[in-house]
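Trainee: Here's a structure for you.
The values are calculated or read from the model by the stated rules, or taken from the named source; none is laboratory data. Remember, it's a predicted structure, so these values are computed and weren't measured experimentally. Here the Cβ is made from the backbone with ideal geometry for all residues, glycine too, and neighbour counts use every protein chain on show.
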Amino acid sequence: MIEQLDVNYDTLIPNNVGLSEDRRVLKALERWHPGYINWWNDMGPEGFQEAMVYLRTAVSVDPKGWAKFGYVKMPEYRWGILLAPKEEDRKIGFGEHKGEPAWQEVPGEYRGMLRRLIVIQGDTEPASVEQQRHLGKTAPSLYDMRNLFQVNVEEGRHLWAMVYLLQKYFGADGREEADELLNRRSGDEDKPRMLGAFNEETPDWLSFFMFTYFTDRDGKMQLESLAQSGFDPLSRTCRFMLTEEAHHMFVGETGVGRTIQRTCEAMKEAGIEDPYDIEKVRALGVIDLPTIQKKANLHYSLSLDLFGSEVSTNAANAYNAGLKGRYQEDKIDDDHRLLDATYPVSKVVDGKVVMVDEPALTALNMRLRDDYSSDAAKGVGRWNKIIQKAGVDFEITLPNVAFHRQIGAFSDVEATPEGVLISKDEFAAKRDQWLPSKADGEFIASLMAPETQPGKYAGWIAPPRIGIDNKPGDFEYVQIHG
Ligand SMILES: [Fe+2]
Ligand SMILES: [Fe+2]
């Protein structure tokens, strides 16, 4: 059934949730809005709030045409509240309420758990905007700058989406949580964001691309599992967010791919065959492949931490309750209860990384992380195709899950990227071979000169194959001076 696909623009907040008939929630959101704009002005893209940016705005949830493109100043972007269309007679698909009608209101017994899931998801959305706020100034092209800002405004919209759920369904404590989402700050000592990877810096554009490839993909997996939720408004919100999230990962995958491509081209032109001849490659003004590997090691390992402990009773409880499912739960052929099932979990036993069967219910984080890893490996394969095609002898690999971990079974040990456990001293001695060193960071920073001529690209990155919204190569994606 299709209902209310178009966005209602007659209130301040574009929406397809009938806000104008819901005075209480509309008032609450209108009260929250100025604080959000203050946050955006303080913590959003630095130096470009007056620029005209060619952005897509979600205007509908119709899969055939949900967005329109046009120039807009970011503080005037229409952040809307859009839920995927309601499915008639939707049933809870898993856990102890499997087969019961999906909830349209918060089930009282799960109120706390549900609120926490929404707040944790909500907290990641503004965090990445904060992490990326300095990058506009060093954009390698107007095309890339526009993509950065697109990701930023959509993360802002995702915050709106979560705040709507809090305001509509959680009363006074929902309002409090909504305010707190604007008070925490990425990397802040007193009020940090809730999850580790969202308190790290995003110092340069290669980090940005790695972040959107690896960390936004964690977001995708979390949204996928919340899209299965028995709490129908959460499910519908997440389903629509996923359509936007796809672009964020596209920006990451193609950004890293174009960086790799430019490096390989420059090596070829200069007749350099050894990818490990780092000094010579860097002298060409491109990022050497071993350094790109180190960045991948860093962002992949930080993103793995976002899945939490491999064995978790919280995950089991959320599943039993019907609040958070597995990746593509509705396509899995089993009983969707998992009471007797097991799942192999990686662990340290006698100084080695081994797989041990655990109850499938408590192993749900591990399972989602596995699904994430195989999803992440696909794009890495495409990066390697670019390297192969250029005839360079190098392969990007994802490190073992035991490598460089802060959360879960491997948080107390150190491991090589191949997964061999080593001492802390050995790790410290080799760290700079596996993870970006200070010198690597300084080299990359030295390449981050802005390129603001339409159609021109910084020397370290190849142009994209096609423009956004089919625009020609010299399209002015950002009119910097408004
Ligand atoms: Fe998001
Ligand atoms: Fe995202």
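Trainee: Inspect region 149-164 for any residue being more than 16 Å from ligand 1 (Cβ to nearest atom) and at pLDDT 95 or above and give the result as yes or no. Walk me through it before giving the result.
Mentor: Going through region 149-164, the residues more than 16 Å from ligand 1 (Cβ to nearest atom) turn out to be none.
No, region 149-164 has no match at all.
Trainee: Which residues, counting only those in region 430-464, are over 30 Å from residue 48 (Cβ atoms) and surrounded by 16 or more Cβ atoms within 10 Å (Cβ to Cβ)?
Mentor: 434, 435
Trainee: Only one residue in 282, 217, 239 is more than 16 Å from ligand 1 (Cβ to nearest atom) and out of contact with any Pro (no Cβ under 6 Å at 6 or more places or on another chain). Which one?
Mentor: Values: 217 fails: more than 16 Å from ligand 1 (Cβ to nearest atom); 239 fails: more than 16 Å from ligand 1 (Cβ to nearest atom).
Going through 282, 217, 239 in turn, just one is more than 16 Å from ligand 1 (Cβ to nearest atom) and out of contact with any Pro (no Cβ under 6 Å at 6 or more places or on another chain): 282.
Trainee: Sticking with this structure for a sec: What pairs can you find where one residue is in region 230-248 and farther than 17 Å from residue 92 by Cβ and away from ligand 2 (no atom under 12 Å from the Cβ), the other is part of a helix (DSSP H, G or I) and modelled with pLDDT of 95 or more, and their Cβ atoms are less than 9 Å apart, with a gap of 6+ or different chains?
Mentor: Matching pairs, first to second residue: 240/161.
Trainee: Report yes if residue 222 is within 13 Å of ligand 2 (Cβ to nearest atom), polar (S, T, N, Q) and either more than 13 Å from the chain's Cα centre (by Cα) or buried (at least 18 other Cβ atoms within 10 Å of the Cβ) (or both), otherwise no. Quick ask: steps written out before the conclusion?
Mentor: On the way: within 13 Å of ligand 2 (Cβ to nearest atom): yes; polar (S, T, N, Q): yes; either more than 13 Å from the chain's Cα centre (by Cα) or buried (at least 18 other Cβ atoms within 10 Å of the Cβ) (or both): yes.
Considered against the rule, which asks whether it is within 13 Å of ligand 2 (Cβ to nearest atom), polar (S, T, N, Q) and either more than 13 Å from the chain's Cα centre (by Cα) or buried (at least 18 other Cβ atoms within 10 Å of the Cβ) (or both), residue 222 comes out as yes.
Trainee: If you check every pair at least six apart or on different chains, which have Cβ atoms under 9 Å apart with a residue in region 380-405 that is free of Cβ contacts under 8 Å to residues at least 24 places away in the same chain first and a residue that is surrounded by 14 or more Cβ atoms within 10 Å (Cβ to Cβ) and of a type in the set (Asp, Glu) second?
Mentor: Note: pairs meeting the criteria are 384/395; 388/395.
Trainee: If you don't mind, another one. Which helices (runs of 4 or more DSSP H) sit wholly inside region 273-361 and have at least 2 residues that are over 30 Å from residue 206 (Cα atoms) and at pLDDT 95 or above?
Mentor: Numbers: elements: 278-283, 289-305, 313-320.
Per the criteria, 313-320.
Trainee: Additional query: Could you please find all residues in region 68-84 being surrounded by 15 or more Cβ atoms within 10 Å (Cβ to Cβ) and over 23 Å from residue 452 (Cα atoms)?
Mentor: Result: 78, 79, 80, 81, 82, 83, 84.
Trainee: Identify all residues within region 121-148 that are away from ligand 1 (no atom under 12 Å from the Cβ) and more than 16 Å from residue 448 (Cα to Cα); write none if there are none.
Mentor: Of everything in region 121-148, those that are away from ligand 1 (no atom under 12 Å from the Cβ) and more than 16 Å from residue 448 (Cα to Cα) turn out to be 130, 131, 146, 147.
Trainee: Applying the selection to region 345-372, what residues are under 25 Å from the mean Cα position of the chain (by Cα) and free of Cβ contacts under 8 Å to residues at least 40 places away in the same chain?
Mentor: 370
Trainee: Take region 110-149 and flag every residue that is without any contact (Cβ under 8 Å) to a residue 60 or more places away in the chain and either surrounded by 23 or more Cβ atoms within 10 Å (Cβ to Cβ) or not small (Gly, Ala, Ser) (or both).
Mentor: Here is the first cut: in region 110-149, the ones without any contact (Cβ under 8 Å) to a residue 60 or more places away in the chain are 111-112, 116, 122, 125.
Selection gives 111, 116, 122, 125.
Trainee: Quick test for you: out of 203, 233, pick the one residue that is assigned to a helix (DSSP H, G or I) and either at pLDDT 95 or above or within 16 Å of ligand 1 (Cβ to nearest atom) (or both). Lay out the reasoning, then the answer.
Mentor: Working: 203 fails: assigned to a helix (DSSP H, G or I).
Only one candidate passes the filter, namely 233.
Trainee: Got a number for residues in region 398-429 being closer than 18 Å to residue 300 by Cα and surrounded by 14 or more Cβ atoms within 10 Å (Cβ to Cβ)?
Mentor: Residues in region 398-429 being closer than 18 Å to residue 300 by Cα and surrounded by 14 or more Cβ atoms within 10 Å (Cβ to Cβ): 20 in total.
Trainee: Specify which of the listed residues (70, 35, 112) is of a type outside the set (Val, Ile, Thr) and outside any helix (DSSP H, G or I).
Mentor: Details: 35 fails: outside any helix (DSSP H, G or I); 112 fails: outside any helix (DSSP H, G or I).
Of the residues listed, the single one that is of a type outside the set (Val, Ile, Thr) and outside any helix (DSSP H, G or I) is 70.
Trainee: Which one of these does residue 195 not meet: (1) surrounded by fewer than 22 Cβ atoms within 10 Å (Cβ to Cβ); (2) farther than 22 Å from residue 439 by Cα; (3) modelled with pLDDT of 95 or more?
Mentor: Failing condition for residue 195: (3).
Trainee: Out of (1) in contact with a Pro (Cβ under 8 Å, 6 or more places away or on another chain); (2) within 16 Å of ligand 1 (Cβ to nearest atom); (3) among the β-branched types (Val, Ile, Thr), what's the single condition that is false for residue 254?
Mentor: Every condition holds for residue 254 apart from (2).
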